[in-house]
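The values are calculated or read from the model by the stated rules, or taken from the named source; none is laboratory data. For clarity, every value in this text was computed on a predicted model and none was experimentally measured. Cβ placement follows ideal geometry from the backbone for every residue including glycine, while neighbour counts extend to all protein chains displayed.
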Protein chains: 2
Amino acid sequence: MTHAVPVTRGPDGETAPAARVAYFVSDSTGITAETLGSALLANFPGITFRRVTIPFVDTVAGAADVVRDIRAGVDDGVEPIVFTTIKSPQIMRQIEASGASVIDLLSGHLRDLESALDSTASEQLGQYHGVGDIEKYFARMRAVEYAIEHDDAQSVRALDLADVILIAPSRCGKTPTTMYLALHYGLLVANYPLTDEDFPSDGLPRAVARYAGRCFGLTTTPLRLSQVRHERRPDSTYSSLAQCTLELRRAEDLYRRNRVPFLNSSTKSVEEMSAVIMQSMRLRS
Amino acid sequence: MTHAVPVTRGPDGETAPAARVAYFVSDSTGITAETLGSALLANFPGITFRRVTIPFVDTVAGAADVVRDIRAGVDDGVEPIVFTTIKSPQIMRQIEASGASVIDLLSGHLRDLESALDSTASEQLGQYHGVGDIEKYFARMRAVEYAIEHDDAQSVRALDLADVILIAPSRCGKTPTTMYLALHYGLLVANYPLTDEDFPSDGLPRAVARYAGRCFGLTTTPLRLSQVRHERRPDSTYSSLAQCTLELRRAEDLYRRNRVPFLNSSTKSVEEMSAVIMQSMRLRS
């Protein structure tokens, strides 16, 4: 049997094969399904996927709507892929009857885990992305507020509380990395921009020098930095390749002289940088 | 065969069974292994786990260190659980030989996906948490900076650009939710605190009234709000149950009168709130 591959027509009238649809279907936020499903799809770089997340599918009626959508795709001839973390066997049966390729991300592992732990899984929905305890919530909220207050050296008031201080020239990725570490790990992260004024001396900038052991540096490639700075101030000295090259060379010298660990952000996502920083600064609890 | 269960001694000399160790072992950031592994463990609320994430295990030598740690746990008599997303068959064999219960989170699904897609998985490491394209990075960075600038009504400069404006009394969870939506979805999110001054009128506060269609409200329970406010200003009017009750009643009235969708943050995590808001405001791309 051959499938007719449907085509979509672009604005100029050219045709292209329709992207394969990947559904992430969950009885909760959909974060687990999205995370693992996307990690799996990353192994097929040659195929274009359109991703649709459908959270909070926790009733038979809700599932019926989802199944209708999926079935429309099946009828169009390009079988959707459905990643699910649904726990209810009844809802799972509905989704499996849709005719799509259904990949159940939980139940096989859950059975393996039951046997490893010699224990039966709870009938409740898994509440991993649930509210958790109030202390953890406080820690997270405090960390995000600390990060906002200490972003871009706005405040050096409570640097002594910082778990880590990110230092780098402007636009090397300090702010998003700071926020990721705060939001996900409840860490107190300050960040401090290295400017031309910081380079006459060989030491770390005054404001952070006494916390040298908590400093972590970021660098990038001159080309990437220039690209990112153009986005903010096009065709300025600030974004010129010469200025970017100079600032990065000075920053890396500074890190080396002061034994500040550092990484190159040009080839890393915010998640990867956060993982490297936690590892290097021994911040994993 | 019975296992001797090792005990740990608490500060007061009482003994308790040692927590079961759950390892999340990855050749990349460990985020996928942590996310799915934790979702699975949440189904066993009666068992206490100590969680250890080991990222960047991508060489045989690196794996040997990990295996040594795991094996020490096996020898102590409480078999660790190892969740892994390692792709290399050679490293997987090393880990499987440690004697722990190993739950391979990827390879079974990858084989199912190969057959569903009629395609072979790439030999490369899956780069889901890799750097991605620069446009996506810009969007994320812009969103985090926008969130910092528009936190707590600090700036109402570019509210017309906001994808969503979170409104709520102080301490209902606006800031962490704003940051989560910005960091994970690149959405432009402003937040605006409702204060006593906002309640003489029936309408939305002046600054946000013209963007009513983009407003989303948060509420919580008076008890929870009082608890959270005590954390900031203990034993103040601000944190009193009476004041919290009043502010929340007024806020909910305001949401209802102005048809602003809202949710109760007291029973929801930041992840869940973000998922509900995206769903309700139709912000999923």
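A few notes on this one:
- Scanning region A:39-91 for residues that are among the small types (Gly, Ala, Ser), in contact with a strand residue (DSSP E or B) (Cβ under 9 Å, 6 or more places away or on another chain) and at pLDDT below 90 turns up just one, A:Gly73.
- Number of residues in region A:40-55 that are crowded, with 16+ Cβ neighbours inside 10 Å and not in a strand (DSSP E or B): the value is 6.
- Considered as a group, the residues in region A:149-192 that are at the interface with chain B (Cβ under 10 Å from one of its Cβ atoms) and part of a loop (DSSP other than H, G, I, E, B) include one that is nearest to A:Ser265 (Cα to Cα), and that residue is A:Gly173.
- Single residue of region A:186-211 satisfying the filter (of a type in the set (Ser, Thr, Tyr) and closer than 17 Å to A:His150 by Cα) that is surrounded by the fewest Cβ atoms within 10 Å (Cβ to Cβ): A:Thr195
- Condition check for A:Asp160: buried (at least 18 other Cβ atoms within 10 Å of the Cβ) and under 25 Å from A:Phe138 (Cα atoms): no
- Verdict on B:Ser266 being in contact (Cβ under 8 Å) with a residue 60 or more places away in the chain and within 14 Å of chain A (Cβ to nearest Cβ): no
- For region B:260-285, a residue qualifies if it is in contact with a Leu (Cβ under 6 Å, 6 or more places away or on another chain) and surrounded by 22 or more Cβ atoms within 10 Å (Cβ to Cβ), and the qualifying residues are B:Ser265, B:Ser274.
Condition check ((1) within 12 Å of chain B (Cβ to nearest Cβ); (2) hydrophobic (A, V, I, L, M, F, W, C); (3) over 28 Å from the mean Cα position of the chain (by Cα)) across all residues:
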{"position": "A:Val57", "(1), (2), (3)": "yes, yes, no"}
{"position": "A:Gly73", "(1), (2), (3)": "no, no, yes"}
{"position": "A:Arg93", "(1), (2), (3)": "no, no, yes"}
{"position": "A:Glu114", "(1), (2), (3)": "yes, no, yes"}
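One line per residue, one yes/no per condition, for (1) under 30 Å from A:Thr84 (Cα atoms); (2) surrounded by fewer than 16 Cβ atoms within 10 Å (Cβ to Cβ); (3) charged (D, E, K, R); (4) modelled with pLDDT of 90 or more:
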residue: A:Ser122; (1), (2), (3), (4): yes, yes, no, no
residue: A:Leu125; (1), (2), (3), (4): yes, no, no, no
residue: A:Asp133; (1), (2), (3), (4): yes, yes, yes, no
residue: A:Ala147; (1), (2), (3), (4): no, no, no, yes
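- Subset of region A:241-259 (residues that are surrounded by 15 or more Cβ atoms within 10 Å (Cβ to Cβ) and touching a helix residue (DSSP H, G or I) at 6+ places or on another chain (Cβ under 7 Å)): A:Cys244, A:Thr245, A:Leu248, A:Asn258
- Of all residues in region A:178-195, none are touching an Asp or Glu at 6+ places or on another chain (Cβ under 6 Å), modelled with pLDDT of 90 or more and not assigned by TED's automatic domain parsing to the domain that holds A:Met273.
- Check on A:Arg20, modelled with pLDDT of 90 or more and not β-branched (Val, Ile, Thr): yes
- The lone exception for B:Asp202 - which of (1) charged (D, E, K, R); (2) within 11 Å of chain A (Cβ to nearest Cβ); (3) part of a loop (DSSP other than H, G, I, E, B) it fails: (2)
- Those residues of region A:92-119 which are free of Cβ contacts under 8 Å to residues at least 60 places away in the same chain and β-branched (Val, Ile, Thr), in sequence order: A:Val102
- Within region B:157-211, the only residue that satisfies the criterion of being without any contact (Cβ under 8 Å) to a residue 12 or more places away in the chain and among the hydrophobic types (A, V, I, L, M, F, W, C) is B:Ala209.
- Looking across region A:68-95, the residues that are in contact with a helix residue (DSSP H, G or I) (Cβ under 7 Å, 6 or more places away or on another chain), of a type in the set (A, V, I, L, M) and more than 18 Å from B:Leu36 (Cα to Cα) come down to A:Ile81, A:Ile91, A:Ile95.
Yes or no, residue by residue, for (1) under 21 Å from the mean Cα position of the chain (by Cα); (2) within 7 Å of chain B (Cβ to nearest Cβ); (3) under 26 Å from B:Glu271 (Cβ atoms); (4) not polar (S, T, N, Q):
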residue	(1), (2), (3), (4)
A:Glu34	yes, no, yes, yes
A:Ala42	yes, yes, yes, yes
A:Phe49	yes, no, yes, yes
A:Asp76	no, no, no, yes
A:Ile86	no, no, yes, yes
A:Gln90	no, no, yes, no
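- Members of region B:212-237 found to be more than 14 Å from chain A (Cβ to nearest Cβ), surrounded by fewer than 16 Cβ atoms within 10 Å (Cβ to Cβ) and touching a residue at least 12 places away in the same chain (Cβ under 8 Å), listed by number: B:Ala212
- Of all residues in region B:251-285 being in a helix (DSSP H, G or I), over 17 Å from the mean Cα position of the chain (by Cα) and among the small types (Gly, Ala, Ser), the one that is farthest from A:Pro55 (Cα to Cα): B:Ala251
- Restricting attention to region A:96-107 and to residues that are out of contact with any helix residue (DSSP H, G or I) (no Cβ under 6 Å at 6 or more places or on another chain) and among the hydrophobic types (A, V, I, L, M, F, W, C), the residue that is nearest to A:Ala72 (Cα to Cα) turns out to be A:Ala97.
- Once region A:163-211 is narrowed to residues that are small (Gly, Ala, Ser) and out of contact with any Lys or Arg (no Cβ under 6 Å at 6 or more places or on another chain), the residue that is farthest from A:Glu247 (Cα to Cα) is A:Ala182.
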